[in-house]
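Structure record follows, encoded as structure tokens.
The values are calculated or read from the model by the stated rules, or taken from the named source; none is laboratory data. Predicted, not measured: the structure shown is a model, and the values here were computed from it. Here Cβ is always computed from backbone atoms with ideal geometry, including for glycine, and neighbour counts include all displayed protein chains. These accessible areas exclude ligands, DNA and RNA; they are computed on the full protein's heavy atoms, side chains included. Shrake-Rupley method; radii C 1.70, N 1.55, O 1.52, S 1.80 Å.
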Amino acid sequence: IISSTVSPLEDNMANAAETAGKMKRILITGSNSGIGMDAAMRMAMKGHEVVLACRTLEKATNAAEKIKAEIANSTEDAVEAISLIKTLKLIPMECNLADLTSIDNFVSNLKSSAASFDAVCYNAGIARNTEAKEVERTKQGFELTVGTNHLGHFYLNHLMMPLIEKEGGRIVVTASGVHDPESPGGAQGEKATLGDLSGLENAVANNSKQFDMVDGRPFNADKAYKDSKLCNVLFTRELQRRLNASGSSSIHVNAFNPGLIVGTGLFRDQNQVFTKLFDVAATNVLKVGETTHWGGGALEYMTLSEKVGEKGGLYYTSPPGSSKFGDAAFDREFDVSEVSKEARDDDKAKRLWELSEKLVGI
């Protein structure tokens, strides 16, 4: 349910008028809940075409229906709401990032349209219960968290590159502050580090493609998520480096941290009683959490802001609790920041890329 987090219909319709003639084609993974759905609604209501890439077609279709229902319920003017709903360009599609075959099929279906994408948002992510002890795996045998959050998007990006607008196209990666061991969230529990990449090195060397952790250590669910976010930042920087070196396009790639947002699908595998209490405490009492609607605004800003589109290889974040400023925080509190020390290791970024290619079969 996202009704309490969505801005008034009238504001979005006014914004739609402002963006007339500048309509874009946008893809968002993980758009069936959380900030992905909120961003999809925001941008669709401004007239942009949004492909809802979700784990199942049912989830994607339900997301489109929820967005339409939300619009219908957010205004007293039924005629106005119906008129806007009819103009929405929401394309529900299946893309299971834990299965490379599903990703192949997804992109094959996209190619049936000749239109290129102005923006691609790699937003989907999973975080297993931090107490989980057993390794779960993707269809191809990768550890599930890194396999989905990093390798799934890595392979999807490989297939999507020919479909992204070469002049002015952009790629947005939803990362997290927990990639940095020196950040408040990253300092809790096991800290993110890919070490010497021995987990991936061994998986490639023995051709098993199976690893428990990127650094070769025993499985830790909490660290696996943090590592996957570190992979996201390294991927962002290395992809931009490669695009710059090729000189064949002006595509810009940037990552961002939406902040601590407990009330999203990302926390679905955690203890739900604790999650609800923590959400209230973090967002309303301690004022360090962000709302889902604000996180959706951050994703929209990363996708549509002219300033963000000028440069690539950057990481955007904001101080905890910035959602209290609403969308005014974007380009103010929410701005470019330094990534972690390990995320600045260009040699590691290059090797992670090379190992990722071998694991997904590129």
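Per-structure values
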| quantity | calculated |
| --- | --- |
| Residue count, the range 87-110 (criterion: more than 20 Å from the chain's Cα centre (by Cα) and either crowded, with 16+ Cβ neighbours inside 10 Å or modelled with pLDDT of 90 or more (or both)) | 6 |
| LYS348 vs. criteria in contact (Cβ under 8 Å) with a residue 12 or more places away in the chain and open to solvent by 70 Å² or more (accessible area, probe 1.4 Å) | no |
| Conditions (1) more than 16 Å from SER228 (Cα to Cα); (2) part of a loop (DSSP other than H, G, I, E, B); (3) modelled with pLDDT of 95 or more; (4) hydrophobic (A, V, I, L, M, F, W, C); number of the one not met by ILE126 | (1) |
| Enumeration of residues in the range 161-174 that are closer than 16 Å to TRP353 by Cβ and either among the β-branched types (Val, Ile, Thr) or open to solvent by less than 10 Å² (accessible area, probe 1.4 Å) (or both) | ILE171, VAL173 |
| Restricting the range 304-337 to residues that are assigned to a strand (DSSP E or B) and β-branched (Val, Ile, Thr), the residue that is least open to solvent (accessible area, probe 1.4 Å) | THR317 |
| Among (1) within 23 Å of GLU182 (Cβ to Cβ); (2) assigned to a helix (DSSP H, G or I); (3) in contact with an Asp or Glu (Cβ under 6 Å, 6 or more places away or on another chain), the one test that LYS348 misses | (3) |
| Cβ pairs under 9 Å, 6+ apart, first in the range 296-311 and without any contact (Cβ under 8 Å) to a residue 40 or more places away in the chain and within 15 Å of ASN257 (Cβ to Cβ), second of a type in the set (D, E, K, R) and in a helix (DSSP H, G or I) | TYR301/ASP327 |
| Filtered residues of the range 296-343 (kept if out of contact with any Cys (no Cβ under 9 Å at 6 or more places or on another chain) and hydrophobic (A, V, I, L, M, F, W, C)) | ALA298, LEU304, VAL308, LEU314, PHE325, ALA328, ALA329, PHE330, PHE334, VAL336, VAL339, ALA343 |
| Only listed residue being at pLDDT 95 or above, of a type in the set (S, T, N, Q) and in a helix (DSSP H, G or I), chosen from SER340, SER356 | SER356 |
| Every pair of residues 6+ apart whose Cβ atoms lie under 8 Å, when the first sits in the range 114-137 and is farther than 27 Å from VAL308 by Cα and of a type in the set (Ser, Thr, Tyr) while the second is open to solvent by less than 30 Å² (accessible area, probe 1.4 Å) and not in a strand (DSSP E or B) | THR130/ALA221 |
| Listing of strands (runs of 3 or more DSSP E) fully contained in the range 15-119 that carry 2 or more residues being more than 24 Å from ILE261 (Cα to Cα) | 89-94 |
| Among residues of the range 143-159, those that are under 16 Å from TRP353 (Cβ atoms) and in contact (Cβ under 8 Å) with a residue 60 or more places away in the chain, counted | 10 |
| Close pairs (8 angstrom Cβ cut-off, 6 or more residues apart or separate chains): under 21 Å from THR303 (Cβ atoms) in the range 43-62, among the hydroxyl-bearing types (Ser, Thr, Tyr) and part of a strand (DSSP E or B) anywhere | ALA53/THR29; CYS54/THR29 |
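Table: residues versus (1) buried (at least 18 other Cβ atoms within 10 Å of the Cβ); (2) modelled with pLDDT of 95 or more; (3) in contact with a strand residue (DSSP E or B) (Cβ under 6 Å, 6 or more places away or on another chain); (4) assigned to a helix (DSSP H, G or I).
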position: ASN202; (1), (2), (3), (4): no, yes, no, yes
position: LYS226; (1), (2), (3), (4): yes, yes, no, yes
position: CYS231; (1), (2), (3), (4): yes, yes, no, yes
position: LEU234; (1), (2), (3), (4): yes, yes, no, yes
position: ARG237; (1), (2), (3), (4): yes, yes, no, yes
position: ALA255; (1), (2), (3), (4): yes, yes, yes, no
